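Notes follow once the structure below has been shown.
The values are calculated or read from the model by the stated rules, or taken from the named source; none is laboratory data. This one's a predicted model, so the numbers in the text were calculated from it and none came from an experiment. Backbone-built Cβ (ideal geometry, glycine too); neighbour counts: all protein chains shown.
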Amino acid sequence: MPTANVTDARMTKFKNKGKEPSKLRERRIAVCVELRKAQRSESILKKRNISSLPDDEALSPEYATDNKEVISIAIEEIICNVNSNSKEQQTRGCQAARKLLSRERNPPLKEIIDAGLLARFVDFLGRDDDPTLQFEAAWALTNIASGTSWHTQQVVENGAVPAFITLLGSPMLHISEQAVWALGNIAGDGPAYRDALIACNVIPALLARLTPDAPVGYLRNLTWTLSNLCRNKNPFPPLSAVQQVLPSLVQLLHLGDKDVLSDACWAISYLTDGSNDRIDVVVKTGIVPRVVALMEFEELSVLTPALRSMGNIVSGSDQQTQVAIDAGVLSVLPRLLRHPKPSVQKEAAWAVSNIAAGPCQQIQQLITCGLLPPLIDLLRNGDFKTQREAVWAITNYTSGGTVDQVVQLVQSGGLEAILDLLHIKDAKTILVILDAINNMFLAATKLGETEKLCLLVEEVGGLERIEQLQNHENDAVYRTAQELIEKYFNEDVEDECFKTEATERDFVFKPAEVDKQFNF
Amino acid sequence: MELNDANLQTLTEFLQKTLDPDPSVRRPAEKFLESVEGNQNYPILLLTLLEKSQDNVIRVCAAVTFKNYIKRNWRIVEDEPNKISEPDRTAIKANIVNLMLSSPEQIQKQLSDAISIIGREDFPQKWPDLLREMVNRFQSGDFHIINGVLRTAHSLFKRYRHEFKSNELWIEIKLVLDTFAKPLTELFKATIELCQTHSTDVNALKVLFSSLTLISKLFYSLNFQDLPEFFEDNMDTWMANFHSLLNLDNKLLQTDDEEEAGLLELLKSQICDNAALYAQKYDEEFQPYLPQFVTAIWNLLVTTGQEVKYDLLVSNAIQFLASVCERPHYKHLFEDQNTLTSICEKVIVPNMEFRSADEEAFEDNSEEYIRRDLEGSDIDTRRRAACDLVRGLCKFFEGPVTGIFSGYVNSMLGEYAKNPGVNWKHKDAAIYLVTSLASKAQTQKHGITQANELVNLTEFFVNHILTDLKSPNVNEFPVLKADAIKYVMIFRSQLPKEQLLQAVPLLVAHLQTESTVQHTYAAHALERLFTMRGPNNSTLISPTEIAPFTEQLLNNLFKALALPGSSENEYIMKAIMRSFSLLQEAIVPYIPTLIGQLTHKLLLVSKNPSKPHFNHYLFESLCLSIRITCKANSATVGSFEEALFPVFTEILQNDVQEFVPYVFQVMSLLLEIHSDTIPPSYMALFPHLLQPVLWERTGNIPPLVRLLQAYLQKGGSTIATSAADKIPGLLGVFQKLIASKANDHQGFYLLNSIIEHMPPESITQYRKQIFILLFQRLQSSKTTKFIKSFLVFINLYCVKYGAIALQEIFDNIQPKMFGMVLEKIVIPDVQKISGQVEKKICAVGITKILTECPAMMDTEYTKLWSPLLQALIGLFELPEDDSIPDDEHFIDIEDTPGYQTAFSQLAFAGKKEHDPIGDAVSNPKILLAQSLHKLSTACPGRVPSMLSTSLNAEALQFLQGYLQAASVQLV
């Protein structure tokens, strides 16, 4: 049955695994398969430059059409121009290609590649004598690299990487910027090219361009490229590279431009999306208070990655979580739990679920900072995904919290809220809720108040719901529900361990012969 | 097995025989088939038969046999041989879809099931063509085939609704979506178009609507785990069509059947489910569509009739509204006063009406009616759904909704007042409405515990409920009377006591009514009122307050048992029990008559016990009669024995399993009342109680132990003298019990009684073996429960036989055993002992070990002396378990629903707690102080030095307190 595996898989994601299963800290699970549309809140992996230069004439019909013939004629002309020896023709060809590749719809990436033009474009990158040509070629290649992996691969295999890295040093800012952009697209393709770039020392070359007087547009591109160099797991970027980038990211995170902040924050979120030692590297920079401050931004583009980063950090060790708490994260989270955007509520609830998986001192801080009321509100009124995270928060809380803390949760309406969620259409969440209920009963048992809790559960219709779950199609769900009923709403009987001989009339009183020593 | 005619013929013959009603023909044929099913080609032969046999019966029989064969054998279990050969597997998979689709429906169903069993194992990896093959059939245009495919797909995909998310599962779903989602969508659209072109052809429509229902079910399965990209992109198509289907009606599809849901209802019901799924899980994406669904579903509700066939649809539809209306961002859809009013008027009120089906149940099927109305097995009913909607709406609109309903309640009551004979159902609906509006939280034990403050429950009671109860003609409008009684019952915690007292005699009168529901409700209401708590843990209603009606109450209760249909009415019997318990000595004068009636009843039901609750309360009532009467005059015990023993003997002789545990309990109760001798009638039974067969039934164990304890207490020495040969059998029972983790405490109960009551010399020869058994169990499985019982036992032994005897018997079994037990078990675990008596036994026992055992002073055990003392002080000073056990009067039997299989414990046969030490030691702390003092005078100087070197300061301080209280000093 896959059911057992799933639970185990989830368990291994928790922070304090191996200590005891009740200490749950949830990490973002990397599910390889997705049924949904790709996440809209993530930052973009690759982007095409579709702006037009001020002196560009309006796109003539030949650039706007999808007519194959027209395009192939245009490409014929480009091939002819690019391969000629005339500087002017080369520039004209390059520019025509760039324009085709910059049109909004259906840019003919494959056609340009099939025309064998990439090697020439890469050559042009080295033409320091002709900045215009250099620029047009860089732009064209940038847009090709923004396509699928295959497109990017063609660019790389034509030797573009060293050429672009060299081009970073161009005295012409717009050329250097185009190189930054192209490298960002290549880095965004995945861990392989990202590491290939790192191996070519792209990081020092990029950081050299990070100067106080750099224009903001340039900084935006640069930050985005840096963020792509931090991105992707399996494997993570090498630790040495991370160490190189981090001081600059910290600097960028203190700038005022929202776009820069957004991408720098995304970078932090990628770097913290890993094991505790990865998180540690980031936490040690002292950036956590700044991340907390960024969580207070109104702009979703900043808030989202900041919250994501924070969620990652509190999925780390107790100490790392404590750093976040000390930085004031708990005074920001209540507002985010009440944020109008469901996606923000969900991420905030996820962060809370991880803090709730910590030791009872941290749980106490959750209470003190007033996290319970908004959390319980989300259980009642959040959307499905938010409710799911909030349920995890409750379960983690009840498994690590002290008896008093659990009592406080029940008194704040937590019990009723999770019981109401037992009709949720998701077997896993139901199971997690049952786990929380069980934890609450364990606490009640310690207080000798099981009966009171039974009545409370029954009063709010919970008993009936749990009873119904005994008919649930999912094995684990119905078994857990049944156990709960049997344990707390029923009497139980145990099994026998060994046998006594008997005759018709009576039992034979005779201890078995043993030579073994007694040792208790 | 070759694939030839001879084999087909043989198989046909045997299949034929498996249908024979005569087991001597049928069984061997089944055996034969099982014996050959391991042969290659067996499944292929079956498939051939189900396809080609001339005999239709054989075809179906082959199909069923094939499906069962697949079910048993297809799964490949690790480390077990593959039960179906690879060529057969391949052949089956290659042909089964075709075969299924070309078969008549009866066979199609079996093969479709078989496909889903195979699919569960092989799909998708080992059956890659399946989906493609299925999807290709969508093009066939033959809806018989298409529905076969859809049904199969449904059985393959429905597990997506309940399985946990996993990569493996999602890979499969993704694969299914990639090949299936688009064709399914196309099929959906095409089918809807066909419905329009064939809108006048009823036969075509029936097939097409089955397809639409199946497609809707598939939609639900495929969308369950997460919102797939494809369906998000095509949400417009699906939702627009679902929406228009909800609004669709076609006369041709309306059925005459009132009970069975028709195709239209099934389809719309599924669409409601689909909409509810999206509303719950994909709120963000579904938001734009939601308002129109609310409107459509609401319209649907307004236009749907009262017939039973619409129940599922209506209840699904109402539940959809109920789940939406309590979400904050949809509040606006409902908050308009007109909207609220029409929901109340057109959706809620009509669905709360008492229907003719309810009326039939009330009259002819009272058990079912009571179960639904009283015990809450009404999950899928309209009334329940309407109630949930009221509660959902009250979350945001309690005031307005209460206001609207007040108007309705008044107008319905007005209608009723105009012409009660015709309009009584209006009042029923009004009461139901008030109830659902007012109740916010409810338990079986207390009724409604939280009420809507905007509803004046007492006023309604006085004006509309009490009047009905007071009406002189108790048999008029039985439904309304039952409603009124139920009102008292469920709002009992909310109504003032004087109102309840006013209701009591009225309820007593209703015990005599003809309607089963009505007198059952009256009994139940009385029972619940008598169980209410007043101040100081006493009953709310006192025996004095009931005194004026006592005779009437008892009379009517027993007379009610004679009413048709109520001869084993558990509610009445429970009310009898509760009345006895409440009235106590006030019942004594009536007992001589009543005990005859109870015994008679017992004799009757013991012929065929069928109502476990009734029987249980019957025995409880017997126990109460005995206890209450003998408390006043213990000499009457003989008359009870005289009345009961003949029936008991019959029960035991006929081995009426359900009743045996009860009989033992009542006998224990009777025996315990006797003064300190054991009557010969009991002794004659003694050997029989040791029979292993009795002890094999777990339900017998606690009452039998209890009974044996009573024997030992009253006749320990009689057993020693006149039944000494039974002692090994008695100890055998102990050994049997001690072996079980579930029953070991029962074994200790028995052992403790033996130690306490048997003359020491009668068990001398067994003592060592007893301890060896305990040590063996300790060695093999040491549970906390066992250790607690063990500690109590060894200390009881020490109290009874002395500390030296305890130490010697331990060390005789194995050198240094005594020290090991002290160190590993007593010292660390004695703090776990709970219970006053148990603590006292341990305290006295340990005191003796500390002060009366020379080995503790002069051997290597000496190092354990201080830790043991420290543990004892800990036992004294641990916070007391101050939870007061429930007074038995209030005990509810339904609190232990598993009682049938477990032990049917009679609350009123309760055993008084027994203190084997009794007054010999009143304060164990003083005993400790005095004993230490005695010890210190025997060896001056040693005790203070042991204390000062190794006892911690806190313990020492407590000890000083004890010494002071006892006015002694250590020297």
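Tabulated data for the structure shown
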read-out	value
Residues that are crowded, with 23+ Cβ neighbours inside 10 Å and aliphatic (A, V, I, L, M), drawn from segment B:713-730	B:Ile719, B:Leu730
The lone exception for B:Leu3 - which of (1) under 17 Å from B:Trp74 (Cα atoms); (2) outside any helix (DSSP H, G or I) it fails	(1)
Residue that is more than 18 Å from B:Leu690 (Cα to Cα) and either out of contact with any Cys (no Cβ under 6 Å at 6 or more places or on another chain) or within 11 Å of chain A (Cβ to nearest Cβ) (or both), where the choices are B:Phe748, B:Phe810, B:Phe734	B:Phe810
Residues (over 23 Å from A:Ala74 (Cβ atoms) and in a helix (DSSP H, G or I)) located in segment A:126-136	A:Pro131
Count - residues of segment B:746-784 that are among the small types (Gly, Ala, Ser), surrounded by fewer than 16 Cβ atoms within 10 Å (Cβ to Cβ) and in contact (Cβ under 8 Å) with a residue 24 or more places away in the chain	1
Among the candidates A:Leu133, A:Leu167, residue that is crowded, with 17+ Cβ neighbours inside 10 Å, assigned by the TED database to the domain that holds A:Cys94, touching a helix residue (DSSP H, G or I) at 6+ places or on another chain (Cβ under 9 Å) and closer than 27 Å to A:Asp195 by Cβ	A:Leu167
Subset of segment B:734-748 (residues that are within 25 Å of the chain's Cα centre (by Cα) and of a type in the set (D, E, K, R))	B:Lys741
Residue count, segment B:751-789 (criterion: of a type in the set (Val, Ile, Thr), part of a helix (DSSP H, G or I), over 19 Å from B:Lys714 (Cα atoms) and within 14 Å of chain A (Cβ to nearest Cβ))	4
Scope segment A:138-162; condition over 28 Å from the mean Cα position of the chain (by Cα) and not in a helix (DSSP H, G or I); matching residues	A:Asn158, A:Gly159
The one condition in (1) closer than 17 Å to B:Ile849 by Cβ; (2) touching a residue at least 60 places away in the same chain (Cβ under 8 Å) that B:Gln930 fails to fulfil	(2)
Segments classed as helices (runs of 4 or more DSSP H), wholly inside segment A:362-470, with at least 2 members that are more than 25 Å from A:Val344 (Cα to Cα)	A:384-400, A:403-411, A:427-447, A:450-459, A:462-469
Cβ-Cβ under 7 Å pairs, at least 6 apart or on other chains, segment B:172-201 side within 15 Å of B:Arg132 (Cα to Cα), far side polar (S, T, N, Q) and surrounded by 15 or more Cβ atoms within 10 Å (Cβ to Cβ)	B:Ile173/B:Gln225
Hey, B:Ala843 surrounded by fewer than 17 Cβ atoms within 10 Å (Cβ to Cβ), touching a Phe, Trp or Tyr at 6+ places or on another chain (Cβ under 9 Å) and assigned to a helix (DSSP H, G or I) or not	no
Filter result (within 13 Å of chain B (Cβ to nearest Cβ) and crowded, with 23+ Cβ neighbours inside 10 Å) within segment A:393-416	A:Leu415
All helices (runs of 4 or more DSSP H) inside segment B:115-210 with 3 or more residues being away from every other protein chain (no Cβ under 14 Å) and within 23 Å of B:Leu267 (Cα to Cα)	B:129-137, B:143-157, B:182-197
Meets criteria (of a type outside the set (Gly, Ala, Ser), in a loop (DSSP other than H, G, I, E, B) and over 20 Å from B:Val588 (Cβ atoms)) for B:Thr677	yes
Filtered residues of segment A:333-361 (kept if surrounded by fewer than 21 Cβ atoms within 10 Å (Cβ to Cβ) and either away from every other protein chain (no Cβ under 14 Å) or in contact with a Gly (Cβ under 6 Å, 6 or more places away or on another chain) (or both))	A:Pro334, A:Arg335, A:Pro359, A:Cys360, A:Gln361
Subset of segment B:615-638 (residues that are surrounded by 15 or more Cβ atoms within 10 Å (Cβ to Cβ) and farther than 19 Å from B:Arg578 by Cα)	B:Thr636, B:Val637
Filtered residues of segment B:404-446 (kept if hydroxyl-bearing (Ser, Thr, Tyr) and either within 14 Å of chain A (Cβ to nearest Cβ) or in contact with a Gly (Cβ under 9 Å, 6 or more places away or on another chain) (or both))	B:Ser436, B:Ser439, B:Thr443
Members of segment B:535-563 that are outside any helix (DSSP H, G or I), under 18 Å from B:His519 (Cβ atoms) and free of Cβ contacts under 8 Å to residues at least 40 places away in the same chain	B:Ala562
Failed criterion for B:Tyr220 (all others in (1) away from chain A (no Cβ under 14 Å); (2) closer than 18 Å to B:Ile297 by Cβ hold)	(1)
Residue check for A:Leu133: closer than 20 Å to A:Val202 by Cα and touching a residue at least 12 places away in the same chain (Cβ under 8 Å)	no
Test: residue in segment B:794-809 that is over 30 Å from B:Pro703 (Cβ atoms) and outside any helix (DSSP H, G or I)	yes
Breaking point among (1) surrounded by fewer than 18 Cβ atoms within 10 Å (Cβ to Cβ); (2) out of contact with any Lys or Arg (no Cβ under 7 Å at 6 or more places or on another chain); (3) not acidic (Asp, Glu), for B:Thr677	(2)
Residue within segment B:319-332 that is farther than 18 Å from A:Arg380 by Cα, buried (at least 20 other Cβ atoms within 10 Å of the Cβ) and out of contact with any His (no Cβ under 8 Å at 6 or more places or on another chain) present	no
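Every residue, every condition in (1) touching a Ser or Thr at 6+ places or on another chain (Cβ under 8 Å); (2) without any contact (Cβ under 8 Å) to a residue 12 or more places away in the chain; (3) more than 8 Å from chain B (Cβ to nearest Cβ), yes or no:
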position: A:Ala436; (1), (2), (3): yes, no, yes
position: A:Met440; (1), (2), (3): yes, no, yes
position: A:Leu447; (1), (2), (3): no, no, yes
position: A:Lys452; (1), (2), (3): no, yes, yes
position: A:Leu456; (1), (2), (3): no, no, yes
position: A:Asn474; (1), (2), (3): yes, no, no
position: A:Ile485; (1), (2), (3): no, no, yes
